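What follows is a single structure, written as structure tokens, with notes after it.
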Amino acid sequence: MVSKTALITGGARGIGFGIAEAMLKAGYQVTVTGLTEAEVAAVPQMSGLHAVRLDVTRGDEVAMLLSGISRLDALVNCAGMILRGGAEYDIAQFQKVIDVNLTGTMRLCVAARQALAATGTGAIVNTASMLSYFGGPLTPAYAASKGAIVQLTKSLAVAWAGEGIRVNAIAPGWIETGLTEGVRADEARAAAILARTPMKRWGKPEDVAGTVVHLCSDAARFMTGALVPIDGGYSAQ
């Protein structure tokens with residue numbers, strides 16, 4: 001029996017690594033990427049897991065990585081998780097965030113299309129955000145990129161359904177990762193977030209991972225173009 005394979009960009013840490021662990025448990029051979037050699041070197045040695053360096057803003061690096069993958073069943077785009085706070089009002093910073101979060105996702109999707117279609121049951125999961133729903137006064141680029149991820153997901157789902165490729169997205173809420181470390185350290189802000197979250201806790205990467213495994217599996221074979229919030233109820237009120 002041929003093992004299924006998954007590529008998880010940004011999977012060297014945080015939510016992406018939590019997804020990688022879950023995909024391994026589900027029987028996938030998994031490749032994760034990190035932006036730097038240090039990130040790649042820090043990935044734990046696990047059977048079935050391969051870590052490589054990748055800058056998603058570099059089309060040549062994306063093409064080279066995909067050329068070395070003979071079979072691909074699932075692509076999970078987690079690399080688009082950068083934000084620059086108030087600095088995003090600077091056009092250069094705005095463009096950088098868009099290039100990583102949105103255009104980087106598109107680069108991977110286009111590059112992986114042929115391999116995913118070859119399986120007949122290929123799946124893509126893109127990473128949106130709570131800021132796909134709400135405005136971000138300090139993060140206009142991040143919010144714009146995550147809103148656009150939703151529409152990109154729907155567009156590719158419609159375009160590629162005939163090739164057997166399903167495209168869905170997740171919208172994680174407040175998850176315990178390095179990205180939210182500063183917010184969690186701010187007692188007032190952290191308290192406000194928990195007060196609004198019906199489940200009254202921060203999410204963990206593994207809370208996100210189960211949904212991704214489902215979306216990549218045959219159990220979700222009639223799901224495409226969907227956005228699934230994983231936020232403890234934060235967006236429900």
**Gap separating the Cα centres of segment 1-32 and segment 153-170, nearest whole Å** = 20 Å
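Report, in listed order, any pair from Lys25/Lys204; Lys25/Lys200; Lys25/Lys146; Lys96/Lys204 with a Cα-Cα distance greater than 22 Å. Kindly include the intermediate steps, with their values, before the conclusion.
Working: Lys25/Lys204 17 Å; Lys25/Lys200 28 Å; Lys25/Lys146 29 Å; Lys96/Lys204 27 Å.
Those over the limit are Lys25/Lys200; Lys25/Lys146; Lys96/Lys204.
Determine the relative contact order of the chain: mean sequence separation of Cα pairs under 8 Å and six or more apart, normalised by residue count, in whole percent. Each step should come with its number before you reach the end.
Numbers: 466 pairs, mean separation 47.3, N = 237.
Value for the chain: 20 percent.
When only Cα pairs under 8 Å and 6 or more residues apart are kept, what is the percent relative contact order across segment 55-125?
49 percent
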**Message:** Counting C-alpha atoms alone, how compact is the chain: give Rg to one decimal and Dmax as a whole number, in angstrom.
**Reply:** 16.9, 53
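Run the dipole for the chain about the Cα centre, Lys and Arg Cβ at +1, Asp and Glu Cβ at -1, nothing else charged, and hand back the magnitude in debye, nearest 20. All intermediate terms of the calculation are to be shown ahead of the outcome.
Working: 20 positive and 19 negative charges, 89 e Å.
Roughly 420 debye, rounded to the nearest 20.
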**Item:** Which of Met130, Ile175, Gly11, positive extreme of dipole for segment 5-230 (C-beta unit charges)
**Value:** Met130
**Complete:** Checked against the positive end of the charge dipole of the chain (+1 on Cβ of Lys and Arg, -1 on Cβ of Asp and Glu, about the Cα centre), the farthest of Ala111, Gly68, Pro198 is Pro198
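Here, each number is a calculation from the coordinates, and none is a lab measurement. Because the structure is predicted, anything quoted here is derived from the model rather than measured. Every residue, glycine as well, gets a Cβ built from its backbone with ideal geometry; the counts of neighbours run over all protein chains shown.
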